[in-house]
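Chemist: To start, I am sharing the structure in question, which I have written as structure tokens.
The values are calculated or read from the model by the stated rules, or taken from the named source; none is laboratory data. Keep in mind it's a predicted model, so treat the numbers as computed, not measured. Positions of Cβ are generated from backbone atoms using ideal geometry, with glycine treated the same way; all protein chains shown enter the neighbour counts.
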Amino acid sequence: MEHNHTNNSPHKPKYTFNDFLPLIVLFSLIGIITLGHQLIYGWSFQAAMRICMAAFFLIFGFFKVININGFAQAYSMYDLIAQQIYAYGYVYPFLELGLGFAYLFQWQLYAVNIFTFCLMFISAIGVFNELRKGKQIVCACLGTVFKVPMTYVTLAEDLIMAGMALLMLFRS
């Protein structure tokens, strides 16, 4: 069950379009869900961000739960909290699912946005630290269902979600 999630090769990896295809498909799906919601219920920037975040956390959380053992193992390689508390890798997918449902059902959005900002910002720091070291690690963002490389795309995902949560705080 041991997966090799690192490659300490000194050369820069060459990524192809296919390496990122799962992310492209899922972000397209999230965009379609968000756009569909806007077309049905009318345009609202706040609602668009909320639905986008709900879809993101529900979809990405689902993929993490599929192989939660593999996710916990991969996540502990770069997340600041999971490196210290391995069990956090088993909790994190459920935090994402909970955030997804909270955004979907508009539950306690002020607190949810604060929590989301903190969660995603901490995650971004861990990703940034590993990218800075130049390690080639498989990103755990989609669990271990897809082998997506950790790149600055991963960092952007975390920072965009943190930024959206922060923006929603100031717009509420």
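Chemist: Do we have any residue at all in segment 116-125 that's touching a Lys or Arg at 6+ places or on another chain (Cβ under 8 Å) and either hydrophobic (A, V, I, L, M, F, W, C) or buried (at least 21 other Cβ atoms within 10 Å of the Cβ) (or both)?
Modeler: no
Chemist: Please work out which residue is farthest from LEU166 (Cα to Cα), limiting yourself to segment 58-77 and to residues that are free of Cβ contacts under 8 Å to residues at least 40 places away in the same chain and not hydrophobic (A, V, I, L, M, F, W, C).
Modeler: Ranking the qualifying residues of segment 58-77, first place goes to SER76.
Chemist: In segment 32-45, what residues are under 20 Å from the mean Cα position of the chain (by Cα) and either at positive phi or exposed (fewer than 13 other Cβ atoms within 10 Å of the Cβ) (or both)?
Modeler: Answer for segment 32-45, where residues must be under 20 Å from the mean Cα position of the chain (by Cα) and either at positive phi or exposed (fewer than 13 other Cβ atoms within 10 Å of the Cβ) (or both): just ILE32.
Chemist: Looking at TYR103, TYR110, TYR90, TYR86, which one is surrounded by fewer than 21 Cβ atoms within 10 Å (Cβ to Cβ), in a helix (DSSP H, G or I), in contact with a Ser or Thr (Cβ under 9 Å, 6 or more places away or on another chain) and at pLDDT 95 or above?
Modeler: TYR110
Chemist: Give just the number: which of (1) assigned to a loop (DSSP other than H, G, I, E, B); (2) at pLDDT 95 or above; (3) not aromatic (Phe, Trp, Tyr) does MET53 not satisfy?
Modeler: So MET53 meets the others, but not (1).
Chemist: Do we have GLU96 as under 17 Å from PHE27 (Cβ atoms) and among the acidic types (Asp, Glu) here?
Modeler: Yes, satisfied.
Chemist: Can you spot a residue in segment 121-133 that is under 18 Å from ALA55 (Cβ atoms), over 12 Å from the mean Cα position of the chain (by Cα) and free of Cβ contacts under 8 Å to residues at least 12 places away in the same chain?
Modeler: Checking segment 121-133: not a single residue is under 18 Å from ALA55 (Cβ atoms), over 12 Å from the mean Cα position of the chain (by Cα) and free of Cβ contacts under 8 Å to residues at least 12 places away in the same chain.
Chemist: Of all residues in segment 140-156, count the ones that are surrounded by 17 or more Cβ atoms within 10 Å (Cβ to Cβ) and under 18 Å from PHE94 (Cα atoms).
Modeler: 5
Chemist: Further question: Being β-branched (Val, Ile, Thr), free of Cβ contacts under 8 Å to residues at least 24 places away in the same chain and under 29 Å from PHE45 (Cβ atoms) is the requirement here; does ILE114 meet it?
Modeler: Taking the combined requirement at face value, the residue does not satisfy it.
Chemist: Mind checking which residues of segment 140-163 are of a type in the set (A, V, I, L, M, F, W, C), at pLDDT below 90 and under 9 Å from the mean Cα position of the chain (by Cα)?
Modeler: Result: ALA140, CYS141, LEU142.
Chemist: Is segment 45-57 home to any residue that is closer than 18 Å to GLY163 by Cα and among the β-branched types (Val, Ile, Thr)?
Modeler: yes
Chemist: Can you tell me how many residues in segment 60-78 are crowded, with 19+ Cβ neighbours inside 10 Å and either in a helix (DSSP H, G or I) or among the small types (Gly, Ala, Ser) (or both)?
Modeler: 11
Chemist: Here's another thing I want to ask about it. Checking the structure you have, find out if any residue of segment 137-147 is closer than 16 Å to ASP19 by Cα and either assigned to a helix (DSSP H, G or I) or aromatic (Phe, Trp, Tyr) (or both).
Modeler: yes
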